[in-house]
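**Q** Let me begin by handing over the structure; questions about it come next.
What follows draws every value from the coordinates through simple rules; no lab data is involved. All figures in this text were calculated on a predicted structure; none of them were measured in a lab. As a convention, Cβ positions derive from the backbone with ideal geometry for all residues, glycine included, and neighbour counts pool all protein chains shown.
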Amino acid sequence: MRRARRVAERLRLAVGNLSIAHEAAPLGFVTISVGATSTVPAEGDSAQNLVERADSALYEAKRRGRNVVLAHWEPMLAKAS
């Protein structure tokens with residue numbers, strides 16, 4: 001997960017350093033937020049579940065003010081039948 005966070009952080013900084021004007025953006029230029037997750041899947045887990053968790057991390061990053069990287073690792077729990 002540390003590697004994913006480092007790559008995402010480099011991307012965030014690279015986009016910010018381009019200084020592309022964006023009047024509606026809080027900082028006045030284009031920025032990105034990144035949400036990432038990682039796990040060791042359990043039986044019954046799906047790729048869709050992992051994508052949903054990454055999407056959730058992205059929206060949490062945006063809620064924290066945008067121009068943010070949020071990456072976390074959690075074990076996925078098997079669903080009860």
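**Q** Could you compute the FRET efficiency for LEU50 and SER19, with r as their C-beta to C-beta distance and R0 at 22 Å, rounded to 0.05?
**A** Working: r = 34 Å, r/R0 = 1.54.
Result of the calculation: an efficiency of 0.05.
**Q** By average Cβ neighbour count within 10 Å, what is the ranking of 59-72, 6-19 from highest down? List each step's numbers first, then the result.
**A** Details: 59-72: 16.3, 6-19: 13.2.
Result, highest mean Cβ count within 10 Å first: 59-72, 6-19.
**Q** What size of dipole, in debye to the nearest 20, comes out for the stretch 2-73 about its Cα centre when the only charges are +1 on Lys and Arg C-beta atoms and -1 on Asp and Glu C-beta atoms?
**A** With Lys and Arg at +1 and Asp and Glu at -1, about 380 debye.
**Q** Something else now. Output needed for the chain: three equivalent-ellipsoid semi-axes, defined as square roots of 5 times the C-alpha gyration tensor eigenvalues, in descending order, whole Å.
**A** 30, 13, 8
**Q** Taking the Cβ of THR31 as the centre, find all other residues whose Cβ is under 11 Å away and add up their charges (Lys, Arg: +1; Asp, Glu: -1).
**A** For residues surrounding THR31, the net value is +3.
**Q** Also, quick follow-up: Normalised by the number of residues in the stretch 1-75, what is the relative contact order in percent for Cα pairs under 8 Å and 6+ residues apart?
**A** For the stretch 1-75, the relative contact order is 37 percent.
**Q** At 7 Å along Cα-to-Cβ for each site, give me the label-to-label distance between VAL30 and ARG63 in nm.
**A** With each label point 7 Å from Cα toward Cβ, the separation is 2.8 nm.
**Q** Report the one residue of SER46, ALA14, ALA71 whose Cα lies farthest in the direction of the positive end of the charge dipole of the chain (charges on C-beta: Lys and Arg +1, Asp and Glu -1; origin at the Cα centre).
**A** ALA14
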